[in-house]
Every structure is written in C-alpha cells, then in structure tokens.
Amino acid sequence: MKTQESQRASGTAGPVTGIDWRFLTVWTGMGTAVAILVFSALIGAIIPPLVAFALLYGVAVWLTRRGGRSGTIMSAVLSFLFIGLNAPFIVPSLSVPASTVDFVMTGLLVVLALSNLVSAIAALRSSSTGVRAALMGRATVALLLLVAVIAVIGRVTYDSPPAQTGDVQLTAQDFEFSASTIESEGGEVSVFVDNKDSALHTFTVEELDVDLQVPGGSTARITFDAPAGSYEFICVPHESEMHGTLEVE
C-alpha cells in the first residue's frame, strides 16, 4: 500500500484533497450549462445553438455522475466544440471589458469550458484524487475572479461620449438599429451610436475601414472620411439582424 508521502508525490493523495477529475468535470459542466442560460436571459435573446449546448451539458453531467466513461467523453467533446464553434464571437467579446455582460459571461464560459475539457480528459486517464486536480480547481476559481476584476476596471474606466451637433445618430436596441438608412454629406462623417442593449454591438462599414465598438448600455462616437456613395453598415456579431445603408451625398 502506498504511504501518504508517496501519494502526495504522485499527485494521487485522496485523503489530502478529496477532489478528483470527475468531480471537476461534473461541476464545471454544470457551471457551463448554467452560465449559458444566464447569459441568454441577460441579453434577452434565445439563441437555439447555445440552449442546445446547455441541455447537452446537462445530459453529460447526469451521465458523468452515474459513472462510466460516456458522460466524461461527452463533456470533452462538448467543450471542444463549444470553444471552437464560438471562437469568432469569443475574441470580440473579450476585447471590450467595458461591455460588462458580454465580457463577464464570455469570460466565465471560456474558463469553465476549458476547465471542463481539461478535467474530462484527465478523468479519462485517471479518476484518482490529488494535488493536480485541486490545483486545477483553484486555478479555475482564480481565473473566474480575474474576469470579474477586469470587467469592473473596464466598466469604471470607460467614458461614454455625448452626441455632438451634426452627428448622424443611431440607436441599437433589441438587436436592431433604429434606422435602416442614414444620410450624411460627403467628406467628414460623424456617427453617434447609443447602445441600449446589454450586448456588445458595432457600427462597421467595411468599405471605409470603419469599426466602432459600442459596449452594452453605453454610447460611442466615430468620425471618418467618406466620399459620395452608398455603403452598407453592420453590427459584426449580429450582422444577420443588424444592418443598413449609409448614403453619403
């Protein structure tokens, strides 16, 4: 029988920590499912693929708790797919800490999904308790706290600019722009966007290299040069619902 010292050295000391990889897989999977549902509620939009992931995570947690390898394998596959498929949305959301809901929820989901992936893979290799599993749990908690701290700093330091005379004004609300067509005189164009949603939106005109990020519950303003013509503007994360035309005379 191994001594307590040899168990510590090999990272399998059950009496020392009482935490194993399966335990972490269950709790990070459950946390990911809950975070997805909370995120959907906060932004006020039901996104079917995200809801499907939440339900599948629930199934994976249930199977993992019953024992066997199927739930653990399912958790690993789900986390890998979740991170990979959502990568195009993860990067923009994490680049704007001032957009509190987007940043916090995206950060939590990324940390929990990554922890779930690592824990599930480790559980498939070994179900023993030990220092490594405990360290992983502490690292997950620390990263979740770091996300919250960065979000607070980003929110406090962001200064929403006011609209100025002559600005083309646009409101983003309920995942729609207030106007499908906006007009301005040629030359220097100034656009003011008021984001009344909790989600991050952008005012993007690809032809003019304009990409204004507007944090949730905040305003933003941009000035750019535009020759006469017709240009499409979009919100990059929500292009299918939020788009319009900028007419420059």
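Take the conditions (1) in a helix (DSSP H, G or I); (2) touching a Pro at 6+ places or on another chain (Cβ under 9 Å); (3) buried (at least 18 other Cβ atoms within 10 Å of the Cβ); Val96 misses just one of them, which is (1). Restricting attention to region 43-83 and to residues that are under 28 Å from His201 (Cβ atoms) and of a type in the set (Val, Ile, Thr), the residue that is modelled with the highest pLDDT turns out to be Ile83. Scanning region 173-203 for residues that are closer than 25 Å to Leu94 by Cβ, in contact with a helix residue (DSSP H, G or I) (Cβ under 9 Å, 6 or more places away or on another chain) and buried (at least 22 other Cβ atoms within 10 Å of the Cβ) turns up Asp197, Ala199, Leu200, His201, Thr202. Take Gly84 and tell me if it is free of Cβ contacts under 8 Å to residues at least 40 places away in the same chain, surrounded by fewer than 17 Cβ atoms within 10 Å (Cβ to Cβ) and either outside any helix (DSSP H, G or I) or not assigned by TED's automatic domain parsing to the domain that holds Val152 (or both). When the stated conditions are applied, Gly84 does not pass them. Whenever a residue of region 62-76 is more than 16 Å from Trp27 (Cβ to Cβ) and touching a residue at least 12 places away in the same chain (Cβ under 8 Å), its partners that are hydrophobic (A, V, I, L, M, F, W, C) and surrounded by fewer than 17 Cβ atoms within 10 Å (Cβ to Cβ), lying with C-beta atoms within less than 9 angstrom and at least six residues away or across chains, give the pairs Arg69/Leu124; Ile73/Leu124. Residues of region 152-203 that are under 25 Å from the mean Cα position of the chain (by Cα) and farther than 18 Å from Ala220 by Cβ: Val152, Ile153, Asp174. Please go through region 59-94 and give me each residue that is under 21 Å from His238 (Cβ atoms) and in contact with a helix residue (DSSP H, G or I) (Cβ under 9 Å, 6 or more places away or on another chain), ordered by number. Phe82, Ile83, Leu85, Asn86, Pro88, Phe89, Ile90, Pro92, Ser93, Leu94, listed by residue number. Quick one: would you say Asp225 is modelled with pLDDT under 95 and either in the same structural domain as Ile90 (by TED's automatic domain parsing) or surrounded by 13 or more Cβ atoms within 10 Å (Cβ to Cβ) (or both)? No: the conditions fail for Asp225.
I'd like the residue in region 33-48 that is under 14 Å from the mean Cα position of the chain (by Cα) and touching a residue at least 24 places away in the same chain (Cβ under 8 Å) and, out of all such residues, is nearest to Gly216 (Cα to Cα). For region 33-48, the residue satisfying everything is Ile43.
The values are calculated or read from the model by the stated rules, or taken from the named source; none is laboratory data. None of these values were measured; they are calculated from a predicted model. When we count neighbours, we look across all protein chains shown, and the Cβ atoms used for this are built from the backbone with ideal geometry, even at glycine.
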